[in-house]
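S.K.: One structure follows; several queries about it will come next.
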Amino acid sequence: MRIFSGIQPTGIKHLGNYIGAIRQYVDGQERAAASGDDSLFCVVDLHALTVAYDPAELRDRVYDTTAILLAAGLDPDKCILFRQSDVRQHSELTWMLSAVVPNGRLARMHQFRDKSVAQRDLVSAGLLFYPVLMAADVLAYRADEVPVGEDQREHLELMRDAARDVNKRFAPDLGSGEGGEGGLLIVPEQRTPEVGARIMDLQEPTRKMSTSAASPEGTVYVLDEGKALEKKFKRAVTDSDSGEGSIRYAPKEKPGVSNLLEILAASRRTSIDEAVASLAGARGYGDLKMATLAAVDEELTPIRERYAELRPDVAAIEEALAKGAARASELAEETMVDVREAMGVGIPRAVQAKASSR
Ligand code: AMP
Ligand code: TRP
């Protein structure tokens, strides 16, 4: 069971990233190790080039995000943690996959359409190619499983189709790559958490929590603490129901309350039913907010403390990333040797073998 996931270097990640993805990475690190295989976690700096950015700032945000991952429990001795741009095979495989990915499909992707509408200046070709690079990230390692939030579903479908199409067209004899069967590339499965796969904005609970939210008050960051953290939960948007039965899980009808229940359950690592039951004696939404705040604070406090220790030591972060990149490059090259051979580029294997036996 090989696990791969990627995360954008947007700096300090938010609670949606943490519950939907980062916590699953830590769990994946343990499960992969138990199965005797590798887990890989990649800070995707090349993806950050698809929108306007500042080069010096990008480096700092990579350190912030890496330090968050380390603080959350990723251990470079147990998993392969690296920076995407350090492993050249990702870029190479992106180009190779472009041979099978239809342009029209890229233009129809939700993220491309949303981001290109929001973009005031340049809509880069990189933005269109974003999903191909993401497919290459995972397929280069023949990973079986990809822990991500619900919002990545469309990207995962494109990735799975790219793997199928390469296998069918260039290596039909090697197997489909589907459902644990071997193949030139492996068709990976998406893994989303049962609770918290889509955490919503606290101010606008019908929109997912994100770094680019309209109101900063609605986004909780992993490093938020004290009064600032408290304020965000106290002001969370709920609804005007009151009395018995108003604290229940009904995302369509009661998005704000349901989101708080989801955050509460995820933070306590219980089911949503248990979270609802624990509030049976509550006097109103104030109690729900305070319980959620307490659970989130308890979950985030140790991360905040470790982050403060880790982030200043940039040399140590670079060292961890370099170690990860060295190992990731070896694994990616194993795949690329086969992909080049199947797709007819590079030195043919037979010629290479003759040259090295001389
Ligand atoms: P990103 O910051 O876009 O690289 O996202 C990192 C991970 O967090 C991805 O796996 C996303 O699916 C996940 N994610 C982002 N926003 C949310 C959210 N609001 N709820 C749950 N997961 C999320
Ligand atoms: N697109 C993902 C996001 O926005 C980030 C990402 C890039 C990723 N490459 C990946 C996620 C590979 C999983 C696997 O969150």
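S.K.: Give, as a single signed number, the net charge of other residues whose beta carbon lies under 12 Å from the beta carbon of Ile3, with Lys and Arg counted +1 and Asp and Glu -1. Write out the running numbers ahead of the final one.
M.R.: Values: positive: Arg2, Arg31, Lys78, Arg142, Arg191; negative: Asp27, Glu30, Asp37, Asp38, Asp144, Glu145, Glu189.
Result for the local shell: -2.
S.K.: Just Arg83, Arg327, Arg283 to compare: in a GNM of the chain, with alpha carbon springs under 10 Å, which one fluctuates most?
M.R.: Arg283
S.K.: How large are Rg and Dmax for the range 23-162 when calculated on the C-alpha trace, in angstrom?
M.R.: Rg and Dmax of the range 23-162, Cα atoms, are 15.6, 48 Å.
S.K.: Which residue, Asp165, Asp54, Asp151, tops the fluctuation ranking in a GNM of the chain built on C-alpha contacts under 10 Å?
M.R.: Residue with maximal mean-square fluctuation among Asp165, Asp54, Asp151: Asp54.
S.K.: If the cut-off is a Cα-Cα distance under 18 Å, which lysines reach Lys208, setting aside same-chain residues fewer than 8 apart in sequence?
M.R.: Lys13, Lys115, Lys232, Lys252, Lys254
S.K.: Treating each Cα of the chain as an identical point scatterer and ignoring solvent, apply the Debye formula and state log10 I(q)/I(0) at q = 0.07, 0.10 Å⁻¹.
M.R.: So the normalised log intensities are -0.33, -0.66.
S.K.: Moving on to the next point. Could you check which residue among Asn167, Asn103, Asn259 shows the biggest mean-square fluctuation in a GNM of the chain with a 10 Å Cα cutoff?
M.R.: Ranking Asn167, Asn103, Asn259 by mean-square fluctuation puts Asn103 first.
S.K.: Let me ask another. Which whole-number percent is the relative contact order of the chain (Cα, under 8 Å, 6+ apart)?
M.R.: On the way: 561 pairs, mean separation 75.4, N = 358.
Relative contact order of the chain: 21 percent.
S.K.: How far apart, in nm, are the 7 Å Cα→Cβ label points at Arg31 and Lys323?
M.R.: A separation of 2.5 nm, rounded to one decimal place.
S.K.: Please compute, for the alpha-carbon atoms of the range 201-282, the extent along each of the three principal axes and give them in descending order in Å.
M.R.: 34, 24, 20
S.K.: Can you pull the percent of Cα pairs in the range 267-358 with separation above 23 Å?
M.R.: Numbers: 2635 of 4186 pairs.
Looking at the range 267-358, the distances longer than 23 Å represent 63 percent of pairs.
S.K.: Report the local net charge at Ser271: Lys and Arg +1, Asp and Glu -1, summed over other residues whose C-beta lies under 11 Å from its C-beta.
M.R.: Values: positive: Arg268, Arg269; negative: Glu194, Glu262, Asp273, Glu274.
Surrounding charge for Ser271 is -2.
S.K.: Here's something else I'd like to know. If you take the charge dipole of the chain about its Cα centre, with +1 on Lys and Arg Cβ and -1 on Asp and Glu Cβ, which of Ile317, Gln152, Thr94 is farthest toward its positive end?
M.R.: Thr94
S.K.: Can you divide the C-alpha Rg of the range 26-71 by 2.2 N^0.38 Å and report the result to two decimal places? Mind dumping the intermediate values first?
M.R.: On the way: Rg = 14.0 Å, N = 46, 2.2 N^0.38 = 9.4 Å.
Taking N as the residue count of the range 26-71, the ratio is 1.48.
S.K.: Ok, one more. Which of the peptides 141-150, 70-79, 308-317 is most tightly packed, and how do the rest follow, going by the mean number of other Cβ atoms within 10 Å of each residue? Numbers along the way, then the final one.
M.R.: Details: 141-150: 22.0, 70-79: 18.4, 308-317: 14.4.
With the highest mean Cβ count within 10 Å placed first, the list reads 141-150, 70-79, 308-317.
S.K.: Follow-up question, since we're still on this one. Subtracting the Cα-Cα distance from 0.36 nm times the residue separation, let me have the gained length for Arg105 to Met290 in nm, one decimal.
M.R.: Numbers: separation 185, 0.36 × 185 = 66.60 nm, distance 4.49 nm.
Here the answer is 62.1 nm.
S.K.: Taking the Cα-to-Cβ direction at Thr270 and at Ser356 and moving 7 Å from each Cα, how far apart do the two end points lie in nm?
M.R.: If labels sit at Thr270 and Ser356, their model points lie 5.7 nm apart.
S.K.: How high is the relative contact order of the range 73-186, in percent, counting Cα pairs under 8 Å that sit 6 or more residues apart?
M.R.: Values: 96 pairs, mean separation 26.0, N = 114.
23 percent.
S.K.: When DSSP assigns beta bridges and you keep just the ones with both residues in the chain, what percent turn out antiparallel, to the nearest 5? Mind dumping the intermediate values first?
M.R.: Working: 3 of 16 bridges.
Of those bridges, close to 20 percent are antiparallel.
Coordinate-derived values only; no laboratory data. Bear in mind that the values here come from a model prediction, so they are computed numbers and not experimental data. Quick reminder, even Gly has a Cβ in these numbers, built from the backbone with ideal geometry, and neighbours come from all protein chains shown.
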